[in-house]
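These notes are about the structure you will find just below.
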Amino acid sequence: MRAILWAACLALTGCVDMQITERQFIRPDAPGTVRVAVDDGARATPLHITRPDGAQLGGVLVTQPGARGTILYFGGNMFHLDPHLSKLLPELAGCGANVAVFDYRGYGRSSGVPDVATLQGDALAVYDAVQARTAGPVLVHGQSLGSFVAAYVAQERPVRGAVLESTATNVTDLANASLPWYMKPFVRLTVSPGLAAIDNRAAAARFSGPALVIAGGRDKVTPPALGHAVYEAIGRPDKRYLLLDEAGHTGALTQPQARADYCDFVQHTLR
C-alpha cells in the first residue's frame, strides 16, 4: 500500500485522484497456486466449513490439556497456514489456550473469491464453528488486516475478549498516514464503498469483552497513533494498550516482554 502511494506521488505533475480498492488490502493467491501443507502435529485437528456460496474454508484447531478457552487468530493479508502456522503456534499456544486458525477464502487451504463482505461473513461462521467445537470461551486475535476482521467479530458476537495487533481506525486514515505531508495537498483519496464502511473505532465501541491493543513504535504500515485511537474508542474499563517501541508491523509477540503481557491478558481473560 505504501509503495503504491509513493509511486503515485513521485509521478505527480498536478493534482491526482487515487482510488483505494479492496484489491490493495486483500491479496488472495493466484489461480492454480499449490501450497504444501505442513505437519500440524498430533494435537491439531483439521477444520472445514462450507459456505452458502460453495466456498470451502480450511483451518486447524490445536488443543492442549488444561486449556480454559480458545484463541481464534486472524492473520494479515499475506498470512497462510502453510507455512506460517509452525512459527505462529508457539507464540499463541504458549499461553496455555487452544488455538484455532483459518485461511481466508482464496488463500491456501480455502477456496472462493474474497472481498470485505465475504470475509466478514466467513469470520462469523468461523467463530460460530470454533465456539461449537470447543469447551470454554473464545478470544479473537487479529493482526493487521486480521485486526479489522477480529474487531468485526467482536462487535457481532459475545467474544470473551479481543486482541488487535498492528491495527488502525479506518482505511482513509491508513492511506493518509502513508502519504508524505508535502504530497497531501496534491492527492485526492477516494475509498471504495466496501472499505469505506469499515471503522474500527465504531466496532471497538461495541466490544462486549476486555480488549488488548498492541502497537509497534516503528510500524510504518499501521502507525501506532492509529492503534491508540482505536484503543481510546473502546468503551470498557478493562482494556489495555501495549506499545512496543522497537517493534515494526509484524513479529510483536517474538519479544519476551510482549509475550509476557500477551499471555497475562489471555490467561486473565479466559480464566
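Just need a number here: residues in the range 230-248 that are buried (at least 18 other Cβ atoms within 10 Å of the Cβ) and under 18 Å from GLY146 (Cβ atoms).
Residues in the range 230-248 being buried (at least 18 other Cβ atoms within 10 Å of the Cβ) and under 18 Å from GLY146 (Cβ atoms): 6 in total.
Find all pairs meeting these conditions: Cβ atoms under 6 angstrom apart; at least six residues apart or on different chains; first residue within the range 228-249 and aromatic (Phe, Trp, Tyr); second residue outside any loop (DSSP other than H, G, I, E, B) and crowded, with 20+ Cβ neighbours inside 10 Å.
TYR231/VAL213; TYR241/VAL213; TYR241/TYR231
Can you confirm whether ASP115 is open to solvent by 10 Å² or more (accessible area, probe 1.4 Å) and among the acidic types (Asp, Glu)?
Yes, satisfied.
Do you know which residues across the range 118-144 are surrounded by fewer than 21 Cβ atoms within 10 Å (Cβ to Cβ), among the hydrophobic types (A, V, I, L, M, F, W, C) and at pLDDT 95 or above?
Across the range 118-144, the qualifying residues are LEU124, ALA125, ALA129, ALA132.
So which residues in the range 56-79 are surrounded by fewer than 18 Cβ atoms within 10 Å (Cβ to Cβ), in contact (Cβ under 8 Å) with a residue 24 or more places away in the chain and not polar (S, T, N, Q)?
Of everything in the range 56-79, those that are surrounded by fewer than 18 Cβ atoms within 10 Å (Cβ to Cβ), in contact (Cβ under 8 Å) with a residue 24 or more places away in the chain and not polar (S, T, N, Q) turn out to be GLY66, ARG68, MET78.
I need the strands (runs of 3 or more DSSP E) fully contained in the range 1-87, keeping only those with at least 1 residues that are at pLDDT 85 or above.
Result: 44-50, 56-62, 70-74.
Return yes or no: is ASP128 under 17 Å from PHE74 (Cβ atoms), in a helix (DSSP H, G or I), of a type in the set (D, E, K, R) and within 19 Å of the chain's Cα centre (by Cα)?
So ASP128 fits the description; yes.
Can you spot a residue in the range 173-186 that is of a type outside the set (Asp, Glu), part of a helix (DSSP H, G or I) and in contact with a Pro (Cβ under 8 Å, 6 or more places away or on another chain)?
Yes.
Among all residue pairs at least 6 apart or on different chains, which show Cβ distances below 6 Å where the first residue, located in the range 114-126, is more than 13 Å from ALA55 (Cβ to Cβ) and the second is acidic (Asp, Glu) and modelled with pLDDT under 95?
Final answer for the pair search is VAL116/GLU22.
Going through the range 202-216 one residue at a time, which ones are open to solvent by 20 Å² or more (accessible area, probe 1.4 Å) and either modelled with pLDDT of 95 or more or not in a loop (DSSP other than H, G, I, E, B) (or both)?
Answer for the range 202-216, where residues must be open to solvent by 20 Å² or more (accessible area, probe 1.4 Å) and either modelled with pLDDT of 95 or more or not in a loop (DSSP other than H, G, I, E, B) (or both): ALA202, ALA205, ARG206, PRO210.
Looking only at residues that are of a type in the set (A, V, I, L, M) and touching a Leu at 6+ places or on another chain (Cβ under 9 Å) in the range 249-262, which one is surrounded by the fewest Cβ atoms within 10 Å (Cβ to Cβ)?
ALA258
Of the conditions (1) at pLDDT 95 or above; (2) under 17 Å from GLU91 (Cα atoms), PRO256 fails just one. Which one is it?
(1)
Considering every residue within the range 145-155, establish whether at least one is in contact with a strand residue (DSSP E or B) (Cβ under 8 Å, 6 or more places away or on another chain), open to solvent by 40 Å² or more (accessible area, probe 1.4 Å) and closer than 26 Å to GLY235 by Cα.
No, the conditions are met nowhere in the range 145-155.
The values are calculated or read from the model by the stated rules, or taken from the named source; none is laboratory data. Computed from a prediction, not measured in an experiment: that's the story for all the values here. Positions of Cβ are generated from backbone atoms using ideal geometry, with glycine treated the same way; all protein chains shown enter the neighbour counts. With ligands, DNA and RNA removed, areas are computed over all heavy atoms of the protein, side chains included. Shrake-Rupley method; radii C 1.70, N 1.55, O 1.52, S 1.80 Å.
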